[in-house]
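Have a look at the structure below before the remarks.
The values are calculated or read from the model by the stated rules, or taken from the named source; none is laboratory data. Note that the structure is a prediction, hence the values are computed from the model and not measured. Virtual Cβ from ideal backbone geometry, glycine too; neighbours counted across all protein chains shown.
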Amino acid sequence: MIAPSTSLDHLESFFQSQQKSIRDDFFKFLRFKSISTDPDYKSDVLSCCSWVEEQLKKIGLETERWETSGHPTIFASHCKAGPGKPTVLIYNHYDVQPVDPLELWDSPPFEPVEKDGEVFARGAQDNKGQCFYVLKAIEALFDQEDDLPVNLKLVIEGEEETGSAGISAILKERAKQLKADYLIVADAGMQRLDQPSLTLGCRGIITMHVELEGANSDLHSGSHGGLHRNTNHVLIDLLSRLRDAKGHILVPGFYDDVKELSDDERSKIDFTFDSSEYREMFGAEANGGEEEFSPFESAWIRPTLEINGISGGYSGPGFKTVIPAKASAKISCRLVPGQDPEKTGILVLDYLKKQVPKGFSIEAKLDHGGPAVRSSPNSKGVKAFAQAYSEVMNKPCRFTMEGGSIPVIASLADVSGSEVVLMGFGLPDDKIHAPNEHFSIDRIRLGMLSIARALQILGE
């Protein structure tokens, strides 16, 4: 067994000696316009997939490209540690979000720029930065020991930002290859870099779209105002019935299946929240949840319902005085353990349908979703990563939760039969999904050291 200090020294030495090539390769990764939501970028997504696969081969892993109904998934493995060693499956994705609004970027989103140690580009954090340090951690372990301390498998998909439909459809047929003891999801973060923390769970999600129709064409608001109810008014009225002023969701049965944290789990999670720091960082107040719960309780362990977009009528330059024929909304619910995505979505849509007034019709449909994931602070995998974090960052590791969602994780954990560990070095102000997304080279270093050290601990 390698002593922790000796191991970390060697891993650190590897990073320092490879720093230029690490930076260059990271920038190459970021230049791929791997936007999975837009068919116009399919060739860019495929080029990015090929580049990632080539990096895995160079490191020494065997690779397969799994074709799906959408973009390919890369499966890589190196399972030579022997049956006495655990099998670790690591999940990442190589696709990214669109860049809109482009005019708010300070530099071209696919031409990485480094400022004060932070690299600005689409996907810098979500998830190329975190995927990249996983690759470097594996490379560093090969450099140190000529082999890996565990049996290792990787799944790197190209459709996470569109709901992971492609990989989800093929998981069961790939179950044998995916079998593992631990599923490491390197797509999370921590609240502060000066306080290491592991994520004990993420919320699930269900998304839906509703369209209300009140006429067969837009109507002149002078001729028809007062005769016909405005479709926008009706939609807004319907949406306002979903939630009360105290943050409670009014859909009957919405909370029925919520599984609460145990006292032991709650005692180990750090719910500390700095309202002034949040206000300074985002220019917003942290008062969006149920009033009887604290901000991080509301964001981590309580379900929510959000209206993500509303459309109806005219919003272009100038003015057009119409009563719109149609109005639509996009709605999402973040879910906690116990809540089934489809069941919850149907509850919401059925509730809306029952409220539609005479003379209007509604088309309502579910989009993508996935259940919540929760890990135990007492599990071996979580403890290994907590130890690694503490060694790398020289501070005790705390536990937090994540309000976001990675829809495929629950299915991947079920098929692989593995214990989930959510880890990562994202920070709240990285601007993921927004203009000027960024991630630092130093966090690539921290991620590389932490992954490598945790795999060593699991292999002991």
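Contact annotation: no residue pair with Cβ atoms under 9 Å, 6 or more positions apart or on different chains, pairs a residue in region 17-28 that is assigned to a helix (DSSP H, G or I) with a partner that is at pLDDT below 95 and surrounded by 15 or more Cβ atoms within 10 Å (Cβ to Cβ).
Residues considered: 53, 62. Of these, the only one that is closer than 30 Å to residue 107 by Cβ and free of Cβ contacts under 8 Å to residues at least 40 places away in the same chain is 53. The sole residue among 167, 205 that is within 20 Å of the chain's Cα centre (by Cα), more than 19 Å from residue 433 (Cβ to Cβ) and not hydroxyl-bearing (Ser, Thr, Tyr) is 167. Any idea which of 369, 404 is surrounded by fewer than 22 Cβ atoms within 10 Å (Cβ to Cβ), under 30 Å from residue 324 (Cβ atoms) and under 21 Å from the mean Cα position of the chain (by Cα)? Just a single option satisfies the conditions, and that option is 369.
Among the residues of region 125-150, those that are out of contact with any Pro (no Cβ under 7 Å at 6 or more places or on another chain) and outside any helix (DSSP H, G or I) comprise 125, 126, 127, 146, 147, 148, 149. Inspect all residues belonging to region 349-362 and state whether any of them is on the phi < 0 side of the Ramachandran plot, under 21 Å from the mean Cα position of the chain (by Cα) and crowded, with 16+ Cβ neighbours inside 10 Å. No: zero hits.
Taking the criterion of being farther than 19 Å from residue 350 by Cβ and assigned to a helix (DSSP H, G or I), the residues of region 225-272 that qualify are 231, 232, 233, 236, 263, 264, 265, 266, 267. One residue stands out in region 258-288 among those that are over 20 Å from residue 375 (Cβ atoms) and among the aliphatic types (A, V, I, L, M): the one that is modelled with the lowest pLDDT, namely 281. Does residue 259 meet the test of being farther than 19 Å from residue 195 by Cβ and either under 23 Å from the mean Cα position of the chain (by Cα) or surrounded by 14 or more Cβ atoms within 10 Å (Cβ to Cβ) (or both)? Spelling it out, residue 259 is indeed farther than 19 Å from residue 195 by Cβ and either under 23 Å from the mean Cα position of the chain (by Cα) or surrounded by 14 or more Cβ atoms within 10 Å (Cβ to Cβ) (or both).
Beta carbons closer than 8 Å, at least 6 apart along the sequence or on distinct chains, pair a first residue in region 270-296 that is surrounded by 13 or more Cβ atoms within 10 Å (Cβ to Cβ) with a second that is of a type in the set (Lys, Arg) for 270/398; 286/279; 289/302; 290/246; 290/302; 293/302.
For region 235-253, the criterion of a residue being modelled with pLDDT of 95 or more, touching a Gly at 6+ places or on another chain (Cβ under 7 Å) and either closer than 17 Å to residue 205 by Cβ or among the aliphatic types (A, V, I, L, M) (or both) is satisfied by at least one position. Comparison of 181, 187 shows that the only residue that is modelled with pLDDT of 95 or more, under 30 Å from residue 79 (Cα atoms), surrounded by fewer than 24 Cβ atoms within 10 Å (Cβ to Cβ) and in contact with a helix residue (DSSP H, G or I) (Cβ under 9 Å, 6 or more places away or on another chain) is 181. For region 408-431, a residue qualifies if it is surrounded by fewer than 22 Cβ atoms within 10 Å (Cβ to Cβ) and either closer than 30 Å to residue 283 by Cα or out of contact with any Leu (no Cβ under 9 Å at 6 or more places or on another chain) (or both), and the qualifying residues are 410, 427, 428, 429, 430, 431. In the set 62, 54, 67, 103, only one residue is out of contact with any Pro (no Cβ under 6 Å at 6 or more places or on another chain), surrounded by fewer than 20 Cβ atoms within 10 Å (Cβ to Cβ), closer than 13 Å to residue 32 by Cβ and assigned by TED's automatic domain parsing to the domain that holds residue 146; that residue is 54.
With respect to the stated conditions, residue 168 is surrounded by 19 or more Cβ atoms within 10 Å (Cβ to Cβ) and either out of contact with any helix residue (DSSP H, G or I) (no Cβ under 9 Å at 6 or more places or on another chain) or part of a helix (DSSP H, G or I) (or both).
Closer than 30 Å to residue 322 by Cα, polar (S, T, N, Q) and in contact with a Gly (Cβ under 9 Å, 6 or more places away or on another chain) - does that describe any residue in region 197-216? Yes, region 197-216 contains at least one residue that is closer than 30 Å to residue 322 by Cα, polar (S, T, N, Q) and in contact with a Gly (Cβ under 9 Å, 6 or more places away or on another chain). Counting residues in region 338-348 that are surrounded by 21 or more Cβ atoms within 10 Å (Cβ to Cβ), hydroxyl-bearing (Ser, Thr, Tyr) and either under 30 Å from residue 216 (Cα atoms) or not assigned by TED's automatic domain parsing to the domain that holds residue 433 (or both) gives one or more. Per the conditions (1) in contact with a helix residue (DSSP H, G or I) (Cβ under 8 Å, 6 or more places away or on another chain); (2) under 20 Å from residue 146 (Cβ atoms), the sole criterion not satisfied by residue 57 is (1).
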